[in-house]
Amino acid sequence: MKPAPLVEALDEAHFGGKAASLARSLRAGLPVPPGFALSALHVESVFARHPEALDTLRVGFTGLAGPCAVRSSAIGEDSDQASFAGQHLTILNVRHEDRVADAVLEVRDSAHSESARAYRRSLGLDESPRIGVVVQRMIEPDCAGVMFTRNPVNGADERVIEAAWGLGEAVVAGLVVPDNYALDREGRVLRRTPGTKDIALRAAPEGGTVEESVIDDLVTSCCLTDAMLLRLHDLAGRCEAFFGAGLDIEWAFADDSLYLLQCRPMTRNR
């Protein structure tokens with residue numbers, strides 16, 4: 001039993017929705033960080049402490065040669081009916097091979113929480129989840145956030161982007177008031193509203209994350225230049241050309257490189 005290179009994790013029934021989406025993104029040439037995927041069976045074998053499952057997980061982690069993010073990829077997750085956003089844990093900045101199995105199990109356990117089960121019940125899904133896991137090279141961004149390829153509030157035909165300093169989890173978790181931008185279909189800026197970004201979520205030296213205070217001059221300064229907004233607009237177009245309209249995208253800029261962290265259909269159950 002071995003982890004699958006992320007680009008090969010196309011089978012949603014084995015690897016889950018997030019892994020399959022990232023695999024398709026890689027095959028489309030989109031800028032996804034490298035990684036690997038564990039099937040739901042492999043995750044259950046890690047839970048059972050099967051020696052081969054644990055050994056191949058550690059080998060896969062070592063092969064990525066750097067801190068990693070461990071993300072859920074439930075069967076049925078990131079579909080156009082249910083995103084499961086916020087229901088399952090993501091463990092960021094895993095730095096040691098003796099920590100990666102515990103991170104996989106934390107992600108697995110989160111899918112068995114009462115809130116995750118209630119979410120499944122609300123959608124008429126089986127309460128017994130099957131959880132794959134994605135392990136990716138950790139991106140330590142200058143700024144990050146989310147982008148919707150149409151307005152998530154009123155459905156208007158415009159790109160809506162939210163951004164903050166540091167890791168995008170600060171935006172997703174509501175730790176800051178992010179910058180808010182809207183672009184038309186040609187990439188022209190329709191609206192630009194600076195947020196109040198007084199903290200940034202950063203990678204901690206020994207693993208995990210830490211909240212850092214943002215210097216005063218940057219708290220209400222926009223994270224994104226016009227050139228960066230155009231690059232995000234281009235990324236949105238490339239994603240839509242491959243996945244179709246109406247997408248919820250997580251992105252990050254690090255050292256002037258733009259990364260695609262997640263791309264899924266927009267849903268009412270985000």
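The values are calculated or read from the model by the stated rules, or taken from the named source; none is laboratory data. No experiment lies behind these values; they were computed from the predicted model shown. Counting neighbours? That spans all protein chains shown, and the Cβs are built from the backbone with ideal geometry, glycine included. Please note that ligands, DNA and RNA were not included when accessible areas were found on the heavy atoms of the full protein model with its side chains. Shrake-Rupley method; radii C 1.70, N 1.55, O 1.52, S 1.80 Å.
Check the stretch 243-257 and report whether any residue there is more than 18 Å from the chain's Cα centre (by Cα), open to solvent by less than 20 Å² (accessible area, probe 1.4 Å) and among the aliphatic types (A, V, I, L, M). No, that holds for no residue.
Quick check on ALA103: is it hydrophobic (A, V, I, L, M, F, W, C), out of contact with any Asp or Glu (no Cβ under 8 Å at 6 or more places or on another chain), surrounded by 14 or more Cβ atoms within 10 Å (Cβ to Cβ) and at pLDDT below 95? No.
Within the stretch 177-222, the residues that satisfy the criterion of being aliphatic (A, V, I, L, M), open to solvent by 40 Å² or more (accessible area, probe 1.4 Å) and either in a loop (DSSP other than H, G, I, E, B) or in contact (Cβ under 8 Å) with a residue 40 or more places away in the chain (or both) are VAL189, ILE215, LEU218.
Taking the criterion of being more than 18 Å from TYR181 (Cα to Cα) and open to solvent by 60 Å² or more (accessible area, probe 1.4 Å), the residues of the stretch 227-242 that qualify are ARG238, ALA241, PHE242.
Does any residue of the stretch 149-172 turn out to be touching a Phe, Trp or Tyr at 6+ places or on another chain (Cβ under 8 Å), of a type in the set (Val, Ile, Thr) and open to solvent by less than 40 Å² (accessible area, probe 1.4 Å)? Checked against the condition, which is being touching a Phe, Trp or Tyr at 6+ places or on another chain (Cβ under 8 Å), of a type in the set (Val, Ile, Thr) and open to solvent by less than 40 Å² (accessible area, probe 1.4 Å), the stretch 149-172 yields at least one hit. For the stretch 19-43, a residue qualifies if it is without any contact (Cβ under 8 Å) to a residue 40 or more places away in the chain and open to solvent by 70 Å² or more (accessible area, probe 1.4 Å), and exactly one does: ARG27.
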